[in-house]
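Since the structure comes first, as structure tokens, the remarks are kept for the end.
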């Protein structure tokens, strides 16, 4: 059963240039090194230049928990902590008949 994670960041003024490459590297490593991560999209909206939206799909909650425990995620999280003005996270489980 798929597990979706939606994350919305509002980045501190002037920090997007530093934040975005770190975010993209985190997404790329998640996809290449985490067998349970099947999708990791990083999206922006030109009308909201200080916001980043993530759309992540994992095999299950355990795969997402493994992502949160990974060294590359912990390094990313520490590196960007001061750049984030606001962060919201939603999780969704796939419903099958």
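No value in this document is a laboratory result; all are computed from the given coordinates. Values in this document were obtained by computation on a predicted structure and should not be read as measured data. All Cβ positions, glycine included, derive from the backbone under ideal geometry; neighbour counts span all protein chains shown.
On average, how much area does the Cα convex hull of the chain cover when viewed from any direction, in nm²? Display every interim value, and only then the final one.
Numbers: hull surface 25.6 nm².
The orientation-averaged projected area of the Cα hull of the chain comes to 6.4 nm².
Using helices alone, what [θ] at 222 nm do you get for the chain, with -39,500 (n - 2.57) per DSSP H run of 4 or more residues, divided over all residues and rounded to the nearest 500?
Values: 3 runs with 37 residues, N = 97.
Rounded to the nearest 500, it is -12000 deg cm²/dmol.
Quick one: if you stick a label point 7 Å off each Cα along the C-beta vector at residue 17 and residue 96, how many nm between them?
4.8
Cut-off is 10 Å between beta-carbons; in what order do 34, 86, 51, 56 appear when sorted fewest neighbours first?
Ascending number of Cβ neighbours within 10 Å: 86, 51, 34, 56.
Let me have the relative contact order for the chain, percent, based on Cα pairs under 8 Å that are six or more residues apart.
On the way: 156 pairs, mean separation 46.2, N = 97.
48 percent.
Fully extended, how many nm does the chain gain between residue 7 and residue 82 (0.36 nm per residue separation, minus their Cα-Cα distance)?
On the way: separation 75, 0.36 × 75 = 27.00 nm, distance 1.69 nm.
Between residue 7 and residue 82, full extension yields 25.3 nm more.
Among 84, 11, 57, which comes first, second and so on when ranked by fewest other beta-carbon atoms within 10 Å?
Numbers: 84 15, 11 23, 57 18.
Ordered from fewest to most neighbouring Cβ atoms within 10 Å, 84, 11, 57 come out as 84, 57, 11.
For helix 71-80, what angle does its Cα long axis make with the longest principal axis of the chain, in degrees from 0 to 90 and rounded to 10?
30
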